[in-house]
Structure formats: structure tokens, C-alpha cells
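K.L.:
Dropping a structure here in C-alpha cells format, bear with me for questions.
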Amino acid sequence: MRDIKFRMWDETKKTMTKSILLEDMVLKASTRNPKTFHWNCDIPIMQYIGIDDAHGVGIFEGDILSFTTDSTLTGVVKYTDRSFECEMYDLDYDDVLNYKSEYIEIIGNIHENPELIK
């Protein structure tokens, strides 16, 4: 079982909150499915994906990753179709998150380092 952690980007303060308690977030039950919850919040919330990079730093949605084997590729972690993937900019290849973390390094995130996105 993996840890369920979140972080939030505060656009006003231009800061990333690393630790968030679920009790501090406002949840609203969906009228279509009472077992489904939605964030009632305009602040971007990013979830920990369950793996760490080569330096032991937890990878979250919105992180910009560098993936190095024979060459270096970069991409952004996204949640799509009920799973996390890394949308690569150098190559049409989203399977990076299945590789050993020793090849993956966080080089920034989409909020603090948008210039790293190609």
C-alpha cells in the first residue's frame, strides 16, 4: 500500500505546500454517485504518485521529470484515465514511471518552473 499525500500550489503566495491534511480540505459528495467525492476548491491539488525519484524525493502530479538512460528525456507527471503517467516532450513515450527510480529525477514543477516545459 502506498502513502496518500497531497500538496497544493498557492498562486497568490507563489508557494507550494508539501503537507496537507484531508480534514483541512473541503469535500463535496457528488449527486450522481454518493461514493464519489470532488474537491470544492480552486487551488490546484496534486497527489503523490507512490514512487520517489533517484534522490528519494516523492514524485507528485505536476512535477517535471528528467529520465536518463542512454539519453535524457523530460516530461510532466499527469493523472489520466485512472492512472499516473509522464507526458514526455522529447519522445512519444509515457511509460517512464514503470522504470527504476534511479533513472528518474525531479527537476521542477509546472507552477514554479514553467520554463522547463518544452
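Where a number appears in this text, it was derived from the coordinates with a stated rule and is not lab data. Since the model is a prediction, treat every value here as computed from it, not as a measurement.
K.L.:
By how many nm would the segment from Tyr103 to Lys5 grow when fully extended, if each residue of separation counts as 0.36 nm and the alpha-carbon distance is taken off?
P.N.:
33.0 nm
K.L.:
Residue-wise, which Karplus ³J(HN,Hα) couplings in Hz belong to segment 99-104, taking 6.51 cos²θ - 1.76 cosθ + 1.60, θ = phi - 60°, and x for glycine or proline?
P.N.:
My calculation for segment 99-104 gives 8, 4, 5, 5, 9, 10 Hz in order.
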